[in-house]
Amino acid sequence: MLDGFGLRLRNLWWSLTATALAAACLVLFVLTVTATALISVWVGVPVLVFCMYLVRPIADQHRRAIPAIDGGEPIQSPYLMMSSGNLLVRVRGLFRDPATLRDSVWLLVNGSVGLGLAIIGIVEAVLDIVFWWLPPGLALRLDAAISRSLLSVSEKSRLALRVEQLTESRAETVDTQSAELRRIERDLHDGAQARLVALGMSLAMAEQQLERDPDGARALLTEARAASSDALAELRDLVRGIHPPVLADRGLDGAVQALALAAPMPVDVHVEVPGRLPAPLESAAYFAAAEALTNVIKHAQAKHAWIVLRLEADRLTMSVRDDGVGGADPGRGTGLRGIERRLSAFDGTLTVESPPGGPTEVVMVLPCASSSPKISPSSGTA
């Protein structure tokens, strides 16, 4: 927290900065109006695009500074993801963004009213330093209130961001499901199918040798029995990868306990899910926890891990923590990115805290609704 003198110095510094930025906004607004008037002769198009691109970092600077001035909530960026493609597609995406129109209005307001308030803020900050009993930053707070109303995410921008998120999530879900189907097909072709073909060949050869070479036929039948056992084991593993039977029989609690028992390290499990969840949510939660625990086993060099599942206010929160070396980054690893894609299909979120040297905690949140009280809160150590 800043003391009174430090607060007044900060107000003076921001007033000076706000004055410079407001003057830049005024220049950009004049250029924007001029470029709009010259669109008919195409001269104004590149100038208008340049102004709209340039206003965004200035607006973002204000979004970062406003919470420190008025003590309010941080302002999220309202901008949609930049369109990919040629220049025409990117420019069209820029002007279709609802935040672009609000930026234009903010340019006018900040270049006029904001400039006046910033200049008043400089005078006020100097007087506040000299006359320390005066209330500091009145003009700054008024300027921050006006800018917050224009720079915050509007309902139209929020809806557009939501549509963008759902579109991206749907595309990732389709890609993930397609990859999963290809994996199942590959596993069937290279595993169980090959073993069943070998089984058929062994049985055919045993049938041919049954009368003239009973010992050879017996060996082939033994080999065929081993091949059938291997094929059955591979089919069971494949089924577990699609939907583990333990998840259907014992629910999320029992399935996570089974994961912990199979881990090569002690894993403490604490589950507070007082009811069965819908099957798709249970499956997504189980595989997300399994993937997070697999990452711990493969990369964390951990000696102990903890899994906590808690259902509160129709939100399932899953935490996987370890005492390993840390340094996990969703941007570098496909495992965490896969968890993020899996959760995004249900509007879930993934948060990773993994400083170098550890510990690492992966927190996954899934919106959900409990359905039937079949599982009671439990905890255990595997």
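The values are calculated or read from the model by the stated rules, or taken from the named source; none is laboratory data. Just so it is clear, the structure is predicted and the values come from calculations on it, not from any experiment. Cβ atoms come from the backbone with ideal geometry, glycine included; neighbour counts cover every protein chain shown. Please note that ligands, DNA and RNA were not included when accessible areas were found on the heavy atoms of the full protein model with its side chains. Shrake-Rupley method; radii C 1.70, N 1.55, O 1.52, S 1.80 Å.
Length gained on full extension, VAL363 to LEU9, computed as 0.36 nm times the residue gap minus the Cα-Cα distance: 123.5 nm.
Here the gap between ARG212 and HIS304, fully extended at 0.36 nm per residue and compared with their Cα-Cα distance, gives a gain of 27.1 nm.
For the chain, a simple Cβ point-charge model (Lys and Arg +1, Asp and Glu -1, everything else neutral) yields a dipole of about 980 debye relative to the Cα centre. Sparsely packed loop sites in segment 78-131 (the chymotrypsin sites (Phe, Trp or Tyr not before Pro) outside DSSP H, G, I, E and B with at most 13 other Cβ atoms within 10 Å) comprise PHE131.
Counting only protein heavy atoms and a 1.4 Å probe, the chain has 56 square angstrom of accessible area per residue. Between the residues ALA23, ALA258, VAL325, the greatest Cα displacement towards the positive end of the dipole of the chain, with unit charges on the Cβ of Lys, Arg, Asp and Glu, is found for ALA23. Distance between the modelled labels on ASP329 and TRP132, one decimal in nanometres: 4.6 nm (7 Å Cα→Cβ projection). With the simple model of a label 7 Å out from the Cα in the direction of the Cβ, PHE95 to LEU232 spans 6.9 nm.
First select every other residue whose beta carbon is under 9 angstrom from the beta carbon of LEU366; then total the charges, Lys and Arg +1, Asp and Glu -1.
So the surrounding residues net to 0.
On full extension, the segment bounded by SER149 and LEU87 gains 19.2 nm, given 0.36 nm per residue less the C-alpha separation.
Taking amide H as placed 1.01 Å from N in the peptide plane, HIS304 has its amide H under 5 Å from the amide H of ASP323, each at least 5 places away in sequence or on another chain.
On a per residue basis, the convex hull of the C-alpha atoms belonging to segment 4-126 measures out at 101 Å³.
Entry note, the chain: the mean residue ellipticity at 222 nm calculated from DSSP H runs of n ≥ 4, each adding -39500 (n - 2.57), is -21500 deg cm²/dmol after division by the residues and rounding to the nearest 500.
Between LEU181 and ALA262, the modelled label-to-label distance comes to 2.6 nm, taking each label 7 Å out from Cα in the direction of the beta carbon.
Accessible area ranking (1.4 Å probe, heavy atoms, ligands and nucleic acids excluded), largest first, for ILE66, ILE39: ILE39, ILE66. For the listed peptides 212-224, 147-159, a ranking on the average number of other beta carbons within 10 Å per residue, highest first, reads 147-159, 212-224. The solvent-accessible area of LEU26, taken with every protein chain present and a 1.4 Å probe, is close to 70 Å². Between ILE39 and LEU142, the FRET efficiency from the beta-carbon distance, with R0 = 45 Å, is close to 0.80. Projecting the Cα positions of ALA125, VAL47, HIS62 onto the charge dipole of segment 1-147 (unit charges on Cβ atoms of Lys, Arg, Asp and Glu, taken about the Cα centre) puts VAL47 furthest along the positive direction.
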